[in-house]
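Enquirer: Have a look at this one before I ask anything.
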Amino acid sequence: MIRFLIIVCCFFSLQQDEPTLSWNESNKLSWKDFLAKPNLHESAVAITASGITFEFSISQTEDKQVVSYTSNVQALFYPDKSWYKPNLADAHVLSHEQLHFDITELFARKFRKRISKLSISNHIGKDLKKIHLNILKELKAFQKAYDNETNFSINSESQVKWKISVEEELNNLSEFKSVN
(Lines give C-alpha, C1' and ligand atoms only; values in the text may rest on other atoms or scores of the structure.)
Protein backbone atom coordinates (compact mmCIF):
# COMPACT_ATOMS: atom_id res chain seq x y z
CA MET A 1 0.00 0.00 0.00
CA ILE A 2 1.27 3.45 -0.91
CA ARG A 3 0.16 6.67 0.66
CA PHE A 4 0.65 10.18 -0.55
CA LEU A 5 1.48 13.07 1.72
CA ILE A 6 0.67 16.51 0.43
CA ILE A 7 2.39 19.50 1.85
CA VAL A 8 0.80 22.83 1.24
CA CYS A 9 2.23 26.11 2.31
CA CYS A 10 2.56 29.70 1.35
CA PHE A 11 6.02 30.59 0.17
CA PHE A 12 6.67 33.04 2.99
CA SER A 13 6.14 30.32 5.59
CA LEU A 14 8.42 27.81 3.86
CA GLN A 15 11.59 27.12 5.75
CA GLN A 16 14.40 28.29 3.53
CA ASP A 17 16.81 25.55 4.63
CA GLU A 18 14.45 22.71 3.71
CA PRO A 19 15.65 20.95 0.56
CA THR A 20 13.17 20.85 -2.31
CA LEU A 21 13.05 19.74 -5.91
CA SER A 22 11.06 21.83 -8.36
CA TRP A 23 8.91 19.95 -10.82
CA ASN A 24 10.59 19.69 -14.21
CA GLU A 25 9.27 17.65 -17.12
CA SER A 26 12.76 16.46 -18.06
CA ASN A 27 13.77 15.41 -14.53
CA LYS A 28 11.88 12.45 -13.12
CA LEU A 29 12.07 11.31 -9.54
CA SER A 30 14.40 8.48 -8.60
CA TRP A 31 14.58 6.53 -5.37
CA LYS A 32 17.68 8.53 -4.40
CA ASP A 33 15.39 11.58 -4.08
CA PHE A 34 13.47 9.92 -1.23
CA LEU A 35 15.67 10.75 1.77
CA ALA A 36 13.45 10.27 4.81
CA LYS A 37 13.73 7.13 6.87
CA PRO A 38 10.91 4.70 5.99
CA ASN A 39 8.23 4.15 8.58
CA LEU A 40 8.38 0.39 9.06
CA HIS A 41 5.14 0.43 11.07
CA GLU A 42 3.31 1.96 8.11
CA SER A 43 1.68 -0.28 5.50
CA ALA A 44 2.72 2.14 2.76
CA VAL A 45 5.61 1.16 0.51
CA ALA A 46 6.44 4.78 -0.30
CA ILE A 47 5.41 8.30 0.60
CA THR A 48 5.75 11.24 -1.76
CA ALA A 49 5.69 14.61 -0.04
CA SER A 50 4.96 17.33 -2.56
CA GLY A 51 2.98 20.51 -2.57
CA ILE A 52 2.30 23.88 -4.05
CA THR A 53 4.01 26.96 -2.74
CA PHE A 54 2.50 30.33 -3.45
CA GLU A 55 3.49 33.94 -2.96
CA PHE A 56 2.19 37.21 -4.27
CA SER A 57 2.99 40.88 -4.12
CA ILE A 58 0.61 43.79 -4.60
CA SER A 59 1.51 47.34 -5.63
CA GLN A 60 -0.75 50.13 -4.42
CA THR A 61 -0.98 53.86 -4.76
CA GLU A 62 -0.71 56.09 -1.70
CA ASP A 63 -4.49 55.99 -1.35
CA LYS A 64 -4.42 52.16 -1.31
CA GLN A 65 -5.66 51.57 -4.86
CA VAL A 66 -4.22 48.36 -6.30
CA VAL A 67 -2.34 49.06 -9.52
CA SER A 68 -0.58 45.72 -10.13
CA TYR A 69 0.34 42.39 -8.63
CA THR A 70 2.75 39.54 -9.22
CA SER A 71 2.50 35.94 -8.13
CA ASN A 72 4.69 32.88 -7.99
CA VAL A 73 3.35 29.32 -7.89
CA GLN A 74 5.65 26.31 -7.64
CA ALA A 75 5.18 22.55 -7.52
CA LEU A 76 7.77 21.16 -5.13
CA PHE A 77 8.92 17.75 -3.92
CA TYR A 78 10.27 17.46 -0.36
CA PRO A 79 13.05 14.82 -0.23
CA ASP A 80 13.44 14.94 3.56
CA LYS A 81 9.75 14.05 4.02
CA SER A 82 9.55 11.42 1.26
CA TRP A 83 10.52 7.82 1.82
CA TYR A 84 10.30 4.30 0.47
CA LYS A 85 10.93 0.74 1.61
CA PRO A 86 13.77 -0.54 -0.61
CA ASN A 87 12.83 -4.20 -0.19
CA LEU A 88 9.26 -3.57 -1.45
CA ALA A 89 9.54 -0.66 -3.87
CA ASP A 90 10.09 -1.14 -7.58
CA ALA A 91 9.87 0.82 -10.84
CA HIS A 92 6.07 0.48 -10.90
CA VAL A 93 5.79 2.04 -7.44
CA LEU A 94 8.20 4.81 -8.44
CA SER A 95 6.03 5.55 -11.47
CA HIS A 96 3.02 5.84 -9.14
CA GLU A 97 4.96 8.25 -6.92
CA GLN A 98 6.09 10.30 -9.94
CA LEU A 99 2.46 10.69 -10.99
CA HIS A 100 1.66 12.12 -7.56
CA PHE A 101 4.30 14.79 -8.23
CA ASP A 102 2.96 15.29 -11.77
CA ILE A 103 -0.52 15.82 -10.30
CA THR A 104 0.94 18.49 -8.03
CA GLU A 105 2.32 20.21 -11.15
CA LEU A 106 -1.05 19.84 -12.87
CA PHE A 107 -2.75 21.75 -10.07
CA ALA A 108 0.03 24.35 -10.03
CA ARG A 109 -0.81 24.92 -13.72
CA LYS A 110 -4.53 25.14 -12.96
CA PHE A 111 -3.68 27.65 -10.24
CA ARG A 112 -1.59 29.77 -12.64
CA LYS A 113 -4.35 29.65 -15.23
CA ARG A 114 -6.95 30.89 -12.75
CA ILE A 115 -4.60 33.65 -11.62
CA SER A 116 -4.11 34.71 -15.24
CA LYS A 117 -7.84 35.36 -15.57
CA LEU A 118 -7.99 37.75 -12.62
CA SER A 119 -8.52 41.44 -13.16
CA ILE A 120 -6.71 43.97 -11.02
CA SER A 121 -8.95 45.20 -8.23
CA ASN A 122 -8.67 46.26 -4.63
CA HIS A 123 -9.78 42.72 -3.72
CA ILE A 124 -6.97 40.96 -5.59
CA GLY A 125 -5.36 39.68 -2.39
CA LYS A 126 -8.61 38.07 -1.25
CA ASP A 127 -9.21 36.69 -4.75
CA LEU A 128 -5.74 35.11 -4.85
CA LYS A 129 -6.16 33.57 -1.41
CA LYS A 130 -9.57 32.17 -2.35
CA ILE A 131 -8.20 30.57 -5.52
CA HIS A 132 -5.32 29.17 -3.48
CA LEU A 133 -7.63 27.53 -0.96
CA ASN A 134 -9.85 26.09 -3.70
CA ILE A 135 -6.87 24.66 -5.60
CA LEU A 136 -5.56 23.01 -2.43
CA LYS A 137 -8.94 21.38 -1.76
CA GLU A 138 -9.18 20.18 -5.35
CA LEU A 139 -5.60 18.87 -5.32
CA LYS A 140 -6.18 16.92 -2.11
CA ALA A 141 -9.38 15.35 -3.48
CA PHE A 142 -7.70 14.51 -6.79
CA GLN A 143 -4.71 12.86 -5.09
CA LYS A 144 -7.06 10.84 -2.89
CA ALA A 145 -9.12 9.73 -5.90
CA TYR A 146 -5.91 8.72 -7.69
CA ASP A 147 -4.81 6.51 -4.80
CA ASN A 148 -8.29 5.06 -4.34
CA GLU A 149 -8.90 4.27 -8.01
CA THR A 150 -5.45 2.78 -8.56
CA ASN A 151 -5.57 1.02 -5.20
CA PHE A 152 -2.25 2.67 -4.38
CA SER A 153 -0.71 1.43 -7.69
CA ILE A 154 -1.92 -2.16 -7.31
CA ASN A 155 -4.55 -1.75 -10.07
CA SER A 156 -2.20 -1.53 -13.06
CA GLU A 157 -4.97 -0.91 -15.60
CA SER A 158 -6.29 2.05 -13.63
CA GLN A 159 -2.72 3.28 -13.11
CA VAL A 160 -2.22 3.44 -16.89
CA LYS A 161 -5.52 5.31 -17.37
CA TRP A 162 -4.56 7.88 -14.74
CA LYS A 163 -1.12 8.36 -16.27
CA ILE A 164 -2.59 9.00 -19.72
CA SER A 165 -5.25 11.33 -18.33
CA VAL A 166 -2.78 13.39 -16.27
CA GLU A 167 -0.36 13.64 -19.21
CA GLU A 168 -3.19 14.90 -21.44
CA GLU A 169 -4.21 17.50 -18.88
CA LEU A 170 -0.59 18.63 -18.45
CA ASN A 171 -0.32 19.01 -22.23
CA ASN A 172 -3.57 20.98 -22.37
CA LEU A 173 -2.17 23.39 -19.78
CA SER A 174 1.38 23.51 -21.16
CA GLU A 175 1.33 27.31 -21.43
CA PHE A 176 1.14 27.39 -17.60
CA LYS A 177 3.93 24.91 -16.89
CA SER A 178 6.60 25.48 -14.29
CA VAL A 179 9.59 27.37 -15.55
CA ASN A 180 12.87 26.42 -13.93
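Enquirer: Quick check: is even one residue across segment 150-168 under 19 Å from N27 (Cα atoms) and of a type in the set (S, T, Y)?
Expert: Kept after step one, since they are under 19 Å from N27 (Cα atoms), are these residues of segment 150-168: 163-164, 166-168.
Retained after the next criterion (residues that are of a type in the set (S, T, Y)): none.
Checked segment 150-168: no residue is under 19 Å from N27 (Cα atoms) and of a type in the set (S, T, Y).
Enquirer: Cβ contacts < 6 Å: first residue under 25 Å from I58 (Cα atoms), restricted to segment 100-118; second residue β-branched (V, I, T), any location; separation 6+ or different chain. Result?
Expert: The qualifying pairs are F107/I135; A108/I52; A108/V73; F111/V73; F111/I135; R112/V73; R114/I131.
Enquirer: Right, something else. Which one of these is of a type outside the set (K, R), at pLDDT below 95 and surrounded by 12 or more Cβ atoms within 10 Å (Cβ to Cβ): S121, S165, S178, S158?
Expert: Working: S121 fails: at pLDDT below 95; S165 fails: at pLDDT below 95; S158 fails: at pLDDT below 95.
Just one listed residue meets the conditions, S178.
Enquirer: Would you mention how many residues in segment 36-58 are modelled with pLDDT of 95 or more, farther than 17 Å from S71 by Cβ and either surrounded by 13 or more Cβ atoms within 10 Å (Cβ to Cβ) or of a type in the set (G, A, S) (or both)?
Expert: 8
Enquirer: So, one more: Do you know which residues across segment 20-74 are of a type in the set (S, T, N, Q), touching a residue at least 60 places away in the same chain (Cβ under 8 Å) and out of contact with any Asp or Glu (no Cβ under 7 Å at 6 or more places or on another chain)? It would help to see each step written out before you state the result.
Expert: Looking only at segment 20-74, we keep the residues that are of a type in the set (S, T, N, Q), and these are 20, 22, 24, 26-27, 30, 39, 43, 48, 50, 53, 57, 59-61, 65, 68, 70-72, 74.
Narrowing further to those that are touching a residue at least 60 places away in the same chain (Cβ under 8 Å): 22, 24, 30, 72, 74.
Those that are of a type in the set (S, T, N, Q), touching a residue at least 60 places away in the same chain (Cβ under 8 Å) and out of contact with any Asp or Glu (no Cβ under 7 Å at 6 or more places or on another chain): S22, N24, S30, Q74.
Enquirer: Could you grab me the full set of residues in segment 1-31 that are closer than 12 Å to W83 by Cβ and at pLDDT 95 or above?
Expert: Within segment 1-31, W31 is the sole residue that qualifies.
The values are calculated or read from the model by the stated rules, or taken from the named source; none is laboratory data. In this text, all values refer to a predicted model and were calculated from it rather than measured experimentally. Positions of Cβ are generated from backbone atoms using ideal geometry, with glycine treated the same way; all protein chains shown enter the neighbour counts.
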